[in-house]
Amino acid sequence: MGISEALWVQALAYIGAGLCIGFGAISVALGEGYAAGKAGEALGKNPSMNGPILKNMLIGQAVAESAGIFALVVSMMLIFLDTEGSKLLQGFAYLGAGLSMGLSATGSGLGSGFPAAECCQGIADNPPTQGNLATNMLIGSALCQTPSIFGMVVAFMLMFLDMEGLALWPHWAAYTGAGLCMGLAAIGSGLGSGIPAGTCVRGIARQPGAMAGLRTNMLVGSAVTQTPAIFGMVVAFLLLFMDWTDVPPWPAWAGLIGAALSTGMAAIGPGLGNGLTAGEACSSIARTPETQGPVTTTMLIGQTVAQSTTIYGFLVSLVLLFVPVAPSEALDAWVKLLAAGLCMGFGALGPGLGVGLAAAYTVTRIGRDASQSKLLTRVMLVSQAVAESTGIYALIIALLLLFVV
Amino acid sequence: MAIEGAQLVRAAAFMAAGLCMGIGAIGPAVGEGFAAGKALEAMGKNPKEAGLLTRTMLVGQAVTESTGIYSLVVALLLLFVV
């Protein structure tokens, strides 16, 4: 076949560009649509506030749009790259760049839609608070955008990395994997951070006096929600910058992809679960501001437990990245590395979400009656331990795949 | 490289074990979390019944866990028996 390497690079860059803006457009549109819908509802309730509602809807949508614009910029760059004389490896890095940016925008857009929607509602319900509502909406939406910015940073690194003289195997897996890992890991955090941002804004409209406490809780809760995305970024950087020249290409490439999938997918559930917990904590504080102490404490305990499956995913990734493998081209040698990553990645989705759900209900109840916080926190931990169990099974199967069979 | 039949079967079993445990772990955990959440909500409303509620929650979660355990059993069978 007379197809030059440069043409393959161009083809891969185009696929990356398509995936990038395709994935990136989904949630941005959903978030903006949600904000617009809620703005319409708010106008129906209080038509006299139409000016401020429209203004804040547009500001909120503009922030939500930024993830889509990042994706558009990255795909434009991928389309118009100069691929003349480049090696095939470059193409896989471009594919990774598209995946990183596209997938990471999938959470942020919808996440930013929540505070924008609640801001419009709040202005209709309590017009004098509109200044505070807009400020907090912007803080909350900005936090939601962070994961997509991580995705953009990794995408740019992949596009401009110097890969002169590196072999195609196993580096293609490291570069595509870095993009995949960052993109997947950003989904849960971007979406999750939107939930406390939304409930915080709603809470300020209901209880303007509790603003300081609400904002603190939102910031603390969102910061924890961002952690899974940071784990994803760490693994992406390890994949990008570690030296893979001395590892046996077979089966190491499967280990690299497995490491990317393990942390990337494992970050989705905990990110969302943490967001649910932080969201309910903000609602509780808005209802009864004096319960802030116990509510924030239990929120943090619950979020920590929900985080544990991301850490299992990270652990499996580190094993895949750092434990040397014997060179082997046998089918079972590489399939088991890939299977271990997939197992831990999928296995962490449910527990992260379930454990977060248990914590969310707990903080709601503590908000209603803080005197029960000890009993409820204790039972929450027991129930979380049970909900965690399937994540531990997945960890066991992944470790068995890696070390026993 | 030539792939032998036995190798193919072994590789398929590994991949199946990974996917089986991974995907099988999603549902039970979300379900258990929901059961835990609702039990905690009830406990907050009526703390005197905490013992009864915890017991019921754990029984319910044990049942919910079953499909996760089936996945574990099938994954272990795939790894070590077949």
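Miscellaneous remarks
- Being part of a helix (DSSP H, G or I), more than 20 Å from A:G271 (Cα to Cα) and out of contact with any Pro (no Cβ under 7 Å at 6 or more places or on another chain) is a description that does not apply to A:L99.
- Under the condition of being of a type in the set (A, V, I, L, M) and surrounded by 23 or more Cβ atoms within 10 Å (Cβ to Cβ), the residues counted in the range A:125-151 number 3.
- Condition met for A:G264 (modelled with pLDDT of 95 or more and over 25 Å from A:V335 (Cα atoms)): no
- Residues in the range A:203-225 that are crowded, with 24+ Cβ neighbours inside 10 Å and closer than 18 Å to A:A360 by Cα: A:G203, A:L214, A:N217, A:M218, A:G221, A:S222, A:V224, A:T225.
- Failed criterion for A:R368 (all others in (1) touching a residue at least 60 places away in the same chain (Cβ under 8 Å); (2) within 16 Å of B:K45 (Cα to Cα); (3) at the interface with another protein chain (Cβ under 7 Å from one of its Cβ atoms); (4) buried (at least 19 other Cβ atoms within 10 Å of the Cβ) hold): (4)
- Scanning the range A:383-405 for residues that are without any contact (Cβ under 8 Å) to a residue 60 or more places away in the chain and within 9 Å of another protein chain (Cβ to nearest Cβ) yields a count of 10.
- Helices (runs of 4 or more DSSP H) completely within chain B that count 2 or more residues being at negative phi and touching a Cys at 6+ places or on another chain (Cβ under 9 Å): B:5-24, B:50-80
- Of all residues in the range A:311-342, those that are away from every other protein chain (no Cβ under 13 Å) and closer than 20 Å to A:A174 by Cα total 11.
- Tally of residues being under 27 Å from A:L402 (Cβ atoms) and facing another protein chain (nearest Cβ under 8 Å) across the range B:26-68: 8
The values are calculated or read from the model by the stated rules, or taken from the named source; none is laboratory data. For clarity, every value in this text was computed on a predicted model and none was experimentally measured. Counting neighbours? That spans all protein chains shown, and the Cβs are built from the backbone with ideal geometry, glycine included.
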